[in-house]
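The values are calculated or read from the model by the stated rules, or taken from the named source; none is laboratory data. Quick caveat, the model's predicted, so the values are computed rather than measured. Neighbour counts run over all protein chains shown; Cβ positions are idealised from the backbone, glycine included. Accessible surface is based on the protein model in full, side chains and every heavy atom, while ligands, DNA and RNA are left aside. Shrake-Rupley method; radii C 1.70, N 1.55, O 1.52, S 1.80 Å.
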Amino acid sequence: MEESDILKTVRKEEYFVKILNNYEKLVFSICFRMTQNYFDAEDLTQDTFLAFYKALPEFDGENPGGFLTRIATNKCLDYLKKAERRTVVAEDN
């Protein structure tokens, strides 16, 4: 790994930590409001920041809060759809 690559990686890591510190509570509150479950909200918050980290190379730096909000919302909607499919409907005869 060249020195310029190392510097880019360090900057990426520093930027991610700054974003994490600034928006963690916002993302958690979105996830909690949508799921109404503390532990699911924690998991979805982690999934949101992982997706954000993976998307950093393509992210233009504009409006990180909006970007994270959209990721969190989509993660929660996907989770709720999967949970809905797991629910077994009992038929009354």
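The length gained on full extension between Asp43 and Glu62, counted as 0.36 nm times the residue separation minus their Cα-Cα distance, comes to 4.3 nm. Couplings 3J(HN,Hα) for the range 22-28, derived from phi with the Karplus relation 6.51 cos²θ - 1.76 cosθ + 1.60 (θ = phi - 60°), are 6, 10, 4, 5, 4, 5, 4 Hz, where x marks Gly and Pro. Here Lys75 is the anchor, and the aspartates and glutamates within straight C-alpha reach of less than 18 Å, apart from those fewer than 8 places off in the same chain, are Glu24, Asp40, Glu42, Asp43, Asp47, Glu84.
Can you give the helix-only mean residue ellipticity at 222 nm for the chain, where every DSSP H stretch with n ≥ 4 adds -39500 (n - 2.57) and the sum goes over all residues, rounded to the nearest 500 deg cm²/dmol?
Details: 3 runs with 74 residues, N = 93.
After summing the helix terms and dividing by residue count, I get -28000 deg cm²/dmol.
At a probe radius of 1.4 angstrom, the accessible area of the chain per residue rounds to 76 square angstrom.
Across the chain, the convex hull enclosing all Cα atoms gives 115 Å³ per residue.
Taking label points 7 Å from Cα along the Cα-to-Cβ direction, Lys8 and Thr87 give a separation of 4.6 nm. When the GluC sites (Glu not before Pro) in the range 1-55 are filtered for DSSP coil states and for at most 15 other beta-carbon atoms within 10 Å of their beta-carbon, the remaining sites are Glu2.
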